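In what follows, a single structure is set out as structure tokens and then discussed.
A short reminder: the numbers here are calculations on the coordinates, not readings from a lab. Every value quoted in this text rests on a predicted model; they were computed, and no experiment measured them. Cβ coordinates were reconstructed from backbone atoms using ideal geometry, including for glycine residues, and neighbour counts include every protein chain displayed.
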Amino acid sequence: MIKDWLRGVQDFFQGRNGWPLRRVVLTPRRGDFGQLVGCKGHEPLLWLVSELSSPKARYAELLWKAINDRVLHCLLETVHFPWINQEDTPMFVAIEGGEGAGKDLLTERLRRVCNPSTTVFTREPGGTPTGEKLRAVLLDPETDMGAEEELLVFIAARTALVRQVIRPALAEGKTVISNRFALSTLAYQIYGRERNDLLEFLRQLSERATAGLPPVHYVLLDVPPEIGLRRVKQRNDGETRFDAEKQAFHERVRAGYLQHYMDTNYGMAIDARQSPEEVFEQAIQRIRQWQQ
Ligand code: TMP
């Protein structure tokens, strides 16, 4: 239905009748259409209100008709609001990838264009008071931990996150976007640590921790470790226990991610050597497809 609306809007906007409206929205001045790109929350509505009360109010009637013709939806779509048809469609997306792949940047950009009342952002490990404490322990270069303890602590943090944040949000029909989730454990604790013997143990624990969740769509940001680790160094915000691992560890993590990507069909991979803008465009396009 939304597609039909948008098609109608597009026809209207591009056709003869849309000409005065095009003049209004394309004329550079206060409330310029160009400023709508990247705007947040209710700003498009405010913009329309300012249109209606501006000296160009002779266009008010036309604008009002246009709104009825779903132009508002066209505007929302144009300015990259990916959530316009998302009501009551719970969806769970994880942003995955190795060190320095650009997950934080992508998550931040998604946060800027998503409706805060229908989208919950979180991260792993973390996202709950307990999870954040466990995160500090897990990432601390001083922590001395074997592969088994490490796996268990990640699962403990995940169990808290699922119970306290993810499950309630999905039950309310919200979309959840998590900076890392279960795929990280497979890539780091199984492939990275070369502990294939822990795979069955992980599978059983994960089943318990994530029981009842819908399938997780994932966006895998793939970057060669030499590039990713260089980016981490340039960020200069402190090395974690994982950053400090040898390059071979990160090569295995990457291979684990890619293997999983090739074995499954519920995720997408993006070449994260590209610019953050290109990565964002590709990610948002796919997330929209998943929402439909
Ligand atoms: P990040 O927030 O910078 O990605 O840091 C989290 C670190 O924890 C990162 O190095 C990957 C690691 N990690 C695992 O090893 N296993 C996991 O299951 C998760 C969620 C993260």
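Tabulated data
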| read-out | value |
| --- | --- |
| Kirkwood Rh in Å, taken over all unlike Cα pairs in the stretch 242-292 | 12.9 Å |
| Two-decimal log10 I(q)/I(0) for the stretch 186-279, as the Debye equation yields it once each C-alpha is a single scatterer, q = 0.14, 0.15, 0.19, 0.24 Å⁻¹ | -0.64, -0.73, -1.08, -1.32 |
| Estimated vicinal HN-Hα couplings, Hz - the stretch 267-284 in sequence order (Karplus 6.51, -1.76, 1.60; Gly, Pro = x) | x, 9, 10, 10, 6, 7, 7, 5, 5, x, 5, 5, 4, 4, 4, 5, 5, 5 |
| Amide H partners (placed H, <5 Å) of Val216, local residues excluded | none |
| Largest-first ellipsoid semi-axes for the stretch 95-147, taking √(5λ) over the Cα gyration tensor eigenvalues, angstrom | 26, 15, 7 |
| Vicinal HN-Hα couplings computed from phi for the stretch 176-189 (Karplus, 6.51 cos²θ - 1.76 cosθ + 1.60; Hz; Gly/Pro x) | 10, 10, 10, 6, 6, 7, 4, 4, 4, 5, 4, 5, 8, 7 |
| Cubic angstrom per residue, convex hull over Cα atoms of the stretch 92-291 | 116 Å³ |
| Rounded Å value of the spacing that divides the Cα centres of the stretch 264-288 and the stretch 145-188 | 22 Å |
| Table column - 3J(HN,Hα) (Hz), the stretch 261-266, Karplus curve with 6.51, -1.76, 1.60, x for Gly and Pro | 4, 6, 7, 10, 10, 10 |
| Qualifying chymotrypsin sites (Phe, Trp or Tyr not before Pro) for the stretch 205-285 [loop in DSSP, other Cβ within 10 Å: at most 14] | Tyr266 |
